[in-house]
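Encoded as structure tokens, the structure appears first; notes follow it.
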């Protein structure tokens, strides 16, 4: 088996800057392709948000990866947020597989550089982390995240994807989970024209 080297993700935990985070399933397998695993991801968002780690502005759960736009709360590191989100889902998924689909577990086996073997739900490493330094950047990324299922041909309208915050933004109804509209900075009137 060939060793895979993962590029280390650089993080810039700068106070007052939002983040667009992307993290992928192990070997890009569609482990988030079932409603149960998507619900686990939503529950992880709610739990971490409820513990005061961040304000949640937008997300999309794709079959093999997640995009989330959030504002970390004061003194909260992005690495702590990722641990809270990913660990919650991984623990539930691996427990479910051990009970119901042990035959699938070998596909999730990861041999670490030190030779130890683990079952892994998420790809090793921190994923992708982009600081969003301006209000237009934030809205551009929200639009990008919400249109992910359309670009993939999964739906025609971004609000039709059930595992996204798009419908919540369009309707004002916090379903399937609450988002923090109140903390999102406002666009200027000129910028608003671009995002209508």
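The values are calculated or read from the model by the stated rules, or taken from the named source; none is laboratory data. Fair warning: this is a prediction, and the values are worked out from it, not measured in the lab. Don't worry about glycine lacking a Cβ; one is built from the backbone with ideal geometry, like all the others, and counts go over all protein chains shown.
Some observations on this one:
- For segment 46-72, residues that are touching a strand residue (DSSP E or B) at 6+ places or on another chain (Cβ under 6 Å) and either at pLDDT below 95 or crowded, with 18+ Cβ neighbours inside 10 Å (or both) total 16.
- Residues of segment 63-95 that are closer than 25 Å to residue 106 by Cβ, touching a helix residue (DSSP H, G or I) at 6+ places or on another chain (Cβ under 6 Å) and not in a helix (DSSP H, G or I): 64 alone.
- Residue in segment 164-171 that is in a loop (DSSP other than H, G, I, E, B) and either modelled with pLDDT of 95 or more or within 17 Å of residue 61 (Cα to Cα) (or both) present: yes
- Residue that is nearest to residue 40 (Cα to Cα), among those in segment 110-121 that are touching a strand residue (DSSP E or B) at 6+ places or on another chain (Cβ under 6 Å) and in contact (Cβ under 8 Å) with a residue 40 or more places away in the chain: 120
- Within segment 23-41, the set of residues being in contact with a strand residue (DSSP E or B) (Cβ under 9 Å, 6 or more places away or on another chain) and surrounded by 16 or more Cβ atoms within 10 Å (Cβ to Cβ) comprises 23, 24, 25, 26, 31, 32, 37, 38, 41.
- Selected residue (criterion: surrounded by the most Cβ atoms within 10 Å (Cβ to Cβ)) from residues of segment 120-129 that are in a strand (DSSP E or B) and touching a helix residue (DSSP H, G or I) at 6+ places or on another chain (Cβ under 8 Å): 122
- Of all the residues in segment 87-96, those that are touching a residue at least 12 places away in the same chain (Cβ under 8 Å) and either under 12 Å from residue 31 (Cβ atoms) or exposed (fewer than 12 other Cβ atoms within 10 Å of the Cβ) (or both) number 6.
- Scanning segment 130-147 for residues being in contact with a helix residue (DSSP H, G or I) (Cβ under 8 Å, 6 or more places away or on another chain) and surrounded by 19 or more Cβ atoms within 10 Å (Cβ to Cβ) gives a total of 4.
- Restricting attention to segment 97-119, the residues that are part of a loop (DSSP other than H, G, I, E, B) and either surrounded by 18 or more Cβ atoms within 10 Å (Cβ to Cβ) or at pLDDT below 95 (or both) add up to 5.
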